Amino acid sequence: MRQDLLRHALNDIDLAVHLPLRDWDLLLRQARSADLLARLATLIERAGKLADVAPQPRAHLESALVLAEAQGTAVRREVEHVRLAVNSLGIDLVLLKGGAYLMAGLPASQGRLFSDLDILVPQDRLAEVEATLMLNGWATTHHDPYDQRYYRRWMHELPPMLHIRRMTVLDVHHAIVPATASLKPSSAALLAAARPLPDQLGLRVLAPADMVLHSATHLFYNEEFSHGLRDMSDLDLLLRHFMQEGDFWPGLISRAHELGLNRPLYYCLRYCKRLFATPIPESLLAEAGTHGTTARLMDKLWLRVLGSLHPSARDIGSAAAGQLLYLRAHWHRMPPWLLAYHLCMKSLRPGPRSEGTP
Amino acid sequence: MIVADLSPGDLQARLRTGLYLRTGPFVSCITSSEPLLAEGIALHYAEHAVETEFADFHVRIARPRNLRRWYRPQVRFYFDDAPSFHPLPADQAFPMLEWGLNWCVTNQAHRYLIIHAAVLQRQGKSLILPAPPGSGKSTLCAGLAHSGWRLLSDELALIDPDTGRVVPVPRPVSLKNRSIEILKAFAPQAVFNPTVSDTIKGDVAHMRAPPDALLRAEESAAPGWIVMPHFEAGAAPQLVEITRARGMMALIENAFNFDLHGRRGFDTLGDFVDQCRCYRYSYGSLADAIDGCNRLADAA
């Protein structure tokens, strides 16, 4: 229970609110390290129970609410800047992930913190978009020639762009998985199905099923899962919201087939149910995939990693599981020869400074 | 229980597993095996309460797991196990704790409007000294703290939006370079730890918060004066009243998180400054500076 305190708290707000101080001491740390403190705070606030929390932990929930609210305002403003730039080319701006949840007013935006903004543009307009963004104050990062080549030849996005005055980071994607990856969902299909937002001209988000599939693919095929539990919580909230549309479930399965994203969907549904008791029909799980030997191994690895993001829950087993998933992610991202080349280059070259401030 | 109740051995044992130390509204769980850190805590935090159940911040000061553990040893600051800041020489363990705890407050306590300023209080009213480093803020603050003013903080003015009052975080006052000798001469009763040389800020010593700062650590202060200090060697003291708008801008320019608080932050700060008188103060000596602040308080 103590290892898993954060998940229990997210699943049962009443339990969280009345936890003794000793448990809050740990819960706050788990929530902060998983980037879920603001979400926990929002869930408690929306349940009208903030005042029931003891004053010491409540101060941290209030702090997280202030931060989340300010970030929401900042992201709305930033979206408007990007929209104006991209719309000037006659292209609608398609938002991905957190930015999309926020602008579409989805529950998954509640208490979600941001480090950057992600957008999807047609690959044949990528050069124009980049040039326009540069004219509007965004500059490329990663000036190292190897990194530039890594992004531009093999990845699904430009090197992150930094706005030189606002210091905001923009990730410009032309696909949702690397060009070298084993999965090959069609970006054209995603863009064609993207939906306009009511009352917001020139702005689109992915269709509901695509939004779920992208989030799942991003989580289960990425080498970095420090936000794993946050991403699972996003998926849980997305599914609970979209399932209110009558034909969402069958549409989700057929869309996964069309885009070749059955596997990430299977993991998404399976672990949402396991971790957050998302009300997913049993029949749907069976339809989404079979549970073979590989899947049983993946269960062990993913549940271990998703449940041990904070040091209080970490051990040798979870470290090993993280390493294996890291290798697996790279395996899926690029063919073996390229992977060997890339890891070799990375190990020989000084890496970016990842420390400094936490 | 307070820190002074612990024997040096007990304190070190607590520090190995985590000492829950109260400083104003915050409790920090501090873990470290550095002897210098234990000495610093025993000296500066003797009168502070030791808690048991809940900490706002979990911090650790430890040697890195590499050669620098032994060769010209260094220490690192960890916030809840995540390394933060660059490593520093091990003899800077205590200053590092102080800087780290400030960082915790400015990054995690957004419930408050946080302004980079020294805060003192007399006659129930707060004196806020917002100023960038190098302006003489800490020196003046330390001098006032030994001249009948109560110290609330030498670095962080925490304004509570719910009450519009300043909340104290009494902790040691950080002094640099020549200020150390000036203060030792000005207030012989002040308690200092040994000066640490060659830090990023030059020579650094910490002065223990005077006893009444700790006794009244739960007592917030009402708005009073905002004074922008400016030390200029040899200059005649010059206290100039400025508009409240300018005073508010001084607070905003020195705020850590004004941008996060939106409309409510603006209103909170506006209401606060409405109840203050604002000044710019140039002076050439500590005695002049203290004299000027005393006259403000006496005139009120």
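The numbers here are math on the coordinates, done by the rules we state, and not lab data. Keep in mind the model is a prediction, meaning the values are calculated, not measured. Positions of Cβ are backbone-derived with ideal geometry, glycine not excepted, and every protein chain shown enters the neighbour counts.
When the alpha-carbon atoms of the range A:27-122 are used, the pair Rg, Dmax equals 15.7, 53 angstrom.
Per-peptide packing, taken as the mean over residues of other Cβ atoms within 10 Å, places A:322-334, B:18-30, A:209-221 in the sequence A:209-221, B:18-30, A:322-334 from highest down. The length gained by stretching the chain between residue A:243 and residue A:116 to full extension, at 0.36 nm per residue less their Cα-Cα distance, is 42.9 nm. Computed from backbone phi with θ = phi - 60° and the Karplus coefficients 6.51, -1.76 and 1.60, the 3J(HN,Hα) list for the range A:189-199 is 5, 5, 5, 5, 8, 4, 9, x, 9, x, 6 Hz; x is used for glycine and proline. Let me check I've understood the local charge: for residue A:11, count other residues with C-beta under 11 angstrom from its C-beta, Lys and Arg +1, Asp and Glu -1. What total comes out? Net local charge, residue A:11 excluded: -3. Around residue B:54, what is the net charge, scoring Lys/Arg as +1 and Asp/Glu as -1 over all other residues with Cβ under 9 Å from its Cβ? Neighbour charge sum, excluding residue B:54 itself: -3. Remark: the residue A:77-residue A:162 segment gains 29.1 nm on full extension, using 0.36 nm per residue and subtracting the alpha carbon distance. Beyond 13 Å, what percent of the Cα pairs of the range B:256-295 remain? Roughly 65 percent, rounded to a whole number. Place a point 7 Å from Cα of residue A:258 in the direction of its Cβ. Which residues in the range A:194-219 have their backbone N less than 14 Å from it? Residues passing the 14 Å test: A:194-195, A:206-214. Hey, quick one: spin label on residue B:285, modelled 7 Å out along Cα-Cβ, who in the range B:231-245 has an amide N within reach, i.e. under 16 Å? Backbone N within reach: B:231-238. Of A:22, B:263, the sequence from fewest to most neighbouring Cβ atoms within 10 angstrom is B:263, A:22.
Using a simple spin-label model with pseudo-atoms 7 Å out from Cα toward Cβ, residue B:66 and residue A:223 lie 2.1 nm apart. With both labels modelled 7 Å from their Cα along Cα-to-Cβ, the residue B:53 to residue A:136 distance reads 5.2 nm.
According to the square roots a ≥ b ≥ c of the eigenvalues of the Cα gyration tensor, what is the shape class of chain A, taking rounded for a/c under 1.5, prolate for a/b larger than b/c otherwise, and oblate for the remainder? Verdict is rounded for chain A. Our coupling estimate for the range A:216-229, obtained by passing each phi through the Karplus curve with A = 6.51, B = -1.76, C = 1.60 and θ = phi - 60°, is 5, 4, 4, 6, 8, 10, 10, 8, 10, 10, 5, 9, x, 5 Hz, Gly and Pro reported as x.
Within the range B:3-108, the ratio Rg/Rh, alpha carbon atoms throughout and Rh by Kirkwood, equals 0.95.
Taking a Cβ cut-off of under 15 Å around residue B:17, the surrounding Lys, Arg, Asp and Glu residues balance to a net charge of -2, with basic ones at +1 and acidic ones at -1. The Rg/Rh ratio of chain B, with Rg taken over Cα atoms and Rh as the Kirkwood radius over Cα pairs, comes to 0.97.
Coupling constants for the range B:219-235 follow from the phi torsions by the Karplus curve (6.51 cos²θ - 1.76 cosθ + 1.60, θ = phi - 60°), and in residue order they are 9, 6, 10, 7, x, x, 10, 10, 10, 8, x, 8, 8, 9, 3, x, 6 Hz; glycine and proline get x. Residues whose amide H lies under 5 Å from that of residue A:207, counting only those 5 or more places away or on a different chain, are A:194, A:195; hydrogens are built 1.01 Å from N in the peptide plane. With the highest mean first, a sort of the peptides A:293-301, A:136-144 on other beta-carbon atoms found within 10 angstrom per residue produces A:136-144, A:293-301. For the segment A:62-70, counting C-beta atoms of other chains within 10 Å of every residue's C-beta and taking the mean gives 6. In nm, to one decimal, how far is the modelled label at residue B:163 from the one at residue A:18, with both set 7 Å along Cα→Cβ? So the label points at residue B:163 and residue A:18 sit 3.0 nm apart. Geometric descriptor of the protein assembly as shown, per residue, is 178 Å³ (volume of the convex hull of the Cα atoms).
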